[in-house]
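The values are calculated or read from the model by the stated rules, or taken from the named source; none is laboratory data. This is a predicted model, so every value here is computed, not measured. Reconstructed Cβ throughout: ideal geometry from the backbone, glycine too, with neighbour counts over all protein chains shown.
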């Protein structure tokens with residue numbers, strides 16, 4: 001009867017995404033009639049009418065404004081109370097009301113109103129049931145199942161809110177990171193181009209003045225302008241490469257947020273290594289691809305990332321406790337191998353079925369200049 005959220009996207013992560021599944025419990029409205037030897041027609045008719053009244057209330061509850069939901073909960077409970085004198089299976093609608101109650105109001109209000117609903121139902125059963133034991137049994141069933149449903153929906157609601165807050169936090173971190181990156185780019189370009197363009201302007205102006213008096217001196221100034229421009233072009237290319245690159249720490253922070261959204265824990269142990277930009281970029285992109293694979297395919301609960309220095313260079317280990325059995329030709333592994341080859345490294349993959357996946361990357365701390 002509870003409609004727990006999934007955790008895939010903001011739209012799917014919704015308490016109300018699949019209310020149709022809850023209709024399966026309507027069978028319990030009619031179950032007492034099956035075992036009723038002298039089944040009166042009025043009980044069957046009353047149950048059918050109650051169901052017809054209940055259905056628009058049930059589906060409307062998931063679509064109306066939150067201000068009106070509590071009234072619809074009371075309406076569903078009233079349907080149950082009205083049916084109980086004709087069919088004790090009307091207590092099913094009370095359970096529906098309890099499930100909806102946990103979505104409509106706060107946890108504290110839910111508990112108070114749920115106790116009220118159950119006590120009112122107990123009084124009604126005590127009044128209409130021929131046997132106190134039958135009344136007690138019917139109330140006990142609703143109390144037990146209702147408690148489970150209320151607890152489940154309260155937990156689902158809290159989990160949905162926690163995921164929503166996590167998504168907001170993730171968006172805010174990305175926004176702040178983007179702002180900081182734009183400020184850094186602005187400072188770098190100002191420092192890089194401001195001085196260079198000033199030198200180019202001054203030397204071009206000087207060359208223009210010398211052109212009529214001293215052609216050789218003007219030619220020398222123009223040659224210097226060309227040299228400064230080429231140096232500036234090389235520096236711009238390096239700056240653009242730095243802008244496109246993602247630092248390893250920043251990538252791990254982004255990976256932690258993404259894994260938290262998928263309810264996967266990330267543990268990292270990084271040695272304080274001075275990495276060249278090309279190596280750090282390769283490691284960051286490998287971490288990104290590995291984390292993407294974990295979220296999409298692994299079904300893991302924990303990921304461990306370790307970076308250590310060895311005699312031959314560095315070792316990066318990315319391990320998860322997922323289902324394993326990774327296809328060595330798929331899941332982005334070929335892209336990882338290309339990045340590893342670009343920094344003269346090697347990649348080992350251990351992925352036994354059911355035993356998780358372990359990637360071990362070994363590479364020199366600095367790539368060879370010829371491979372740059």
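Confirm whether residue 134 is over 29 Å from the mean Cα position of the chain (by Cα) and either modelled with pLDDT of 70 or more or within 27 Å of residue 25 (Cβ to Cβ) (or both). Even if it seems obvious, please write down each step before you answer.
Working: over 29 Å from the mean Cα position of the chain (by Cα): yes; either modelled with pLDDT of 70 or more or within 27 Å of residue 25 (Cβ to Cβ) (or both): yes.
In short, yes.
Among the residues of region 343-361, write down those that are in contact (Cβ under 8 Å) with a residue 12 or more places away in the chain and surrounded by fewer than 17 Cβ atoms within 10 Å (Cβ to Cβ).
First, the residues of region 343-361 that are in contact (Cβ under 8 Å) with a residue 12 or more places away in the chain: 343-349, 351-361.
Matches in region 343-361: 344, 346, 348, 349, 352, 353, 354, 355, 360.
On the basis of being more than 30 Å from residue 259 (Cβ to Cβ), under 52 Å from the mean Cα position of the chain (by Cα), surrounded by 12 or more Cβ atoms within 10 Å (Cβ to Cβ) and at pLDDT below 75, does residue 190 make the cut?
Numbers: more than 30 Å from residue 259 (Cβ to Cβ): yes; under 52 Å from the mean Cα position of the chain (by Cα): yes; surrounded by 12 or more Cβ atoms within 10 Å (Cβ to Cβ): no; at pLDDT below 75: yes.
Criteria not met by residue 190.
How many of the residues in region 271-289 are within 12 Å of residue 318 (Cβ to Cβ) and more than 23 Å from the chain's Cα centre (by Cα)?
Residues meeting the conditions: 1.
Considering only region 313-327, state which residues are out of contact with any helix residue (DSSP H, G or I) (no Cβ under 9 Å at 6 or more places or on another chain) and modelled with pLDDT under 80.
Passing the criteria: only 325.
All but one of (1) farther than 30 Å from residue 43 by Cα; (2) at pLDDT 75 or above; (3) in contact with a helix residue (DSSP H, G or I) (Cβ under 6 Å, 6 or more places away or on another chain) hold for residue 202, so report the exception by its number.
Residue 202 satisfies every listed condition except (3).
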